[in-house]
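Below: one structure, written as structure tokens.
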Ligand code: DHB
Ligand code: MG
């Protein structure tokens, strides 16, 4: 087998970010305000935002489910790739973060495209009706529950729709058989990738953007 592999060095990552970023002044300010508000600096990168926008526009997405929204950076990025009638439903466990997202969505002029539901995602998902279906789901919440979120999202995404998960390179530790860094999280992300790869109703690829995004299209 012939393989060709280009490691994404810091220089190459900066190059990608300089050309293909969805981050503008608004999102830069959101990032700063989120940090001032005490949130961990773990929003997606601008380049990851561009990947999300390309994917959502490619499938003509109108309804997106986000599991774990932090300060709303990715929700606003995704909402911008939807038509005016579109909606991002954000599931976020932290009430202060929920209020922050609502303020930012209003400031972005996207209050009608972003709906925040505050609570534990597992409970909110269990209480969610199976219809209307979503065009895409973006999982970026507590890592141990990723496999559960996959099972909850799968029936709620239409055929041809996407299930996308962040951090599927597990901070660089995804390929380790006995991880010592955050082992519970790394093992959960390994389990998530295995589950997506083996799922008969999904076809998936891992895009090494940011900390890795596993993208799956629902085929049945
Ligand atoms: C962490 C979580 C994330 O979703 C992320 O993108 C980076 C880090 C974390 O829990 O440390
Ligand atoms: Mg993440």
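The values are calculated or read from the model by the stated rules, or taken from the named source; none is laboratory data. Worth saying up front: this structure is predicted, and the values here are computed from it rather than measured. Glycine also receives a Cβ, built like all others from the backbone with ideal geometry; neighbour counts cover every protein chain displayed.
This table checks each residue for (1) over 21 Å from residue 94 (Cβ atoms); (2) modelled with pLDDT of 95 or more; (3) outside any loop (DSSP other than H, G, I, E, B).
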{"site": "18", "(1), (2), (3)": "yes, yes, yes"}
{"site": "31", "(1), (2), (3)": "no, yes, yes"}
{"site": "43", "(1), (2), (3)": "no, yes, no"}
{"site": "56", "(1), (2), (3)": "yes, yes, yes"}
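Among the numbered conditions (1) more than 16 Å from ligand 2 (Cβ to nearest atom); (2) part of a helix (DSSP H, G or I); (3) within 16 Å of the chain's Cα centre (by Cα), the only one that residue 52 does not meet is (1).
If you filter the range 154-181 down to residues that are in contact (Cβ under 8 Å) with a residue 24 or more places away in the chain and in a loop (DSSP other than H, G, I, E, B), you find that the one that is farthest from ligand 1 (Cβ to nearest atom) is 174. Evaluated against (1) away from ligand 2 (no atom under 13 Å from the Cβ); (2) over 22 Å from residue 57 (Cα atoms); (3) in contact with a helix residue (DSSP H, G or I) (Cβ under 7 Å, 6 or more places away or on another chain), residue 199 falls short on exactly one condition, (3). Here are the criteria: (1) within 16 Å of ligand 1 (Cβ to nearest atom); (2) surrounded by 14 or more Cβ atoms within 10 Å (Cβ to Cβ); (3) farther than 20 Å from residue 50 by Cα. Tell me which single one residue 207 does not satisfy. For residue 207, the failing item is (3).
Mind counting the residues in the range 116-139 that are free of Cβ contacts under 8 Å to residues at least 40 places away in the same chain, in a helix (DSSP H, G or I) and surrounded by 14 or more Cβ atoms within 10 Å (Cβ to Cβ)? Of the residues in that region, 2 qualify.
On the given criteria, is residue 33 over 19 Å from residue 106 (Cα atoms) and out of contact with any helix residue (DSSP H, G or I) (no Cβ under 7 Å at 6 or more places or on another chain)? I'd like the intermediate steps shown before the answer.
Working: over 19 Å from residue 106 (Cα atoms): no; out of contact with any helix residue (DSSP H, G or I) (no Cβ under 7 Å at 6 or more places or on another chain): yes.
When the stated conditions are applied, residue 33 does not pass them.
Pairing residues of the range 140-153 that are farther than 11 Å from residue 65 by Cβ and at pLDDT below 95 with residues that are away from ligand 2 (no atom under 13 Å from the Cβ) and not in a helix (DSSP H, G or I), at Cβ distances under 9 Å and at least 6 apart in sequence or on separate chains, gives no pairs at all.
Against the test of being surrounded by 14 or more Cβ atoms within 10 Å (Cβ to Cβ), touching a strand residue (DSSP E or B) at 6+ places or on another chain (Cβ under 7 Å) and within 18 Å of residue 212 (Cβ to Cβ), the options 74, 45 yield a single qualifying residue, 74. For the range 53-70, the set of residues classified as on the phi < 0 side of the Ramachandran plot and either away from ligand 1 (no atom under 13 Å from the Cβ) or surrounded by fewer than 24 Cβ atoms within 10 Å (Cβ to Cβ) (or both) consists of 53, 54, 55, 56, 57, 58, 59, 61, 62, 63, 64, 65, listed by residue number.
Take the conditions away from ligand 1 (no atom under 16 Å from the Cβ), in a helix (DSSP H, G or I) and within 18 Å of residue 70 (Cβ to Cβ) and apply them to residue 189. Does it pass? Explain how you work it out, then say what you get.
Details: away from ligand 1 (no atom under 16 Å from the Cβ): no; in a helix (DSSP H, G or I): yes; within 18 Å of residue 70 (Cβ to Cβ): yes.
In short, no.
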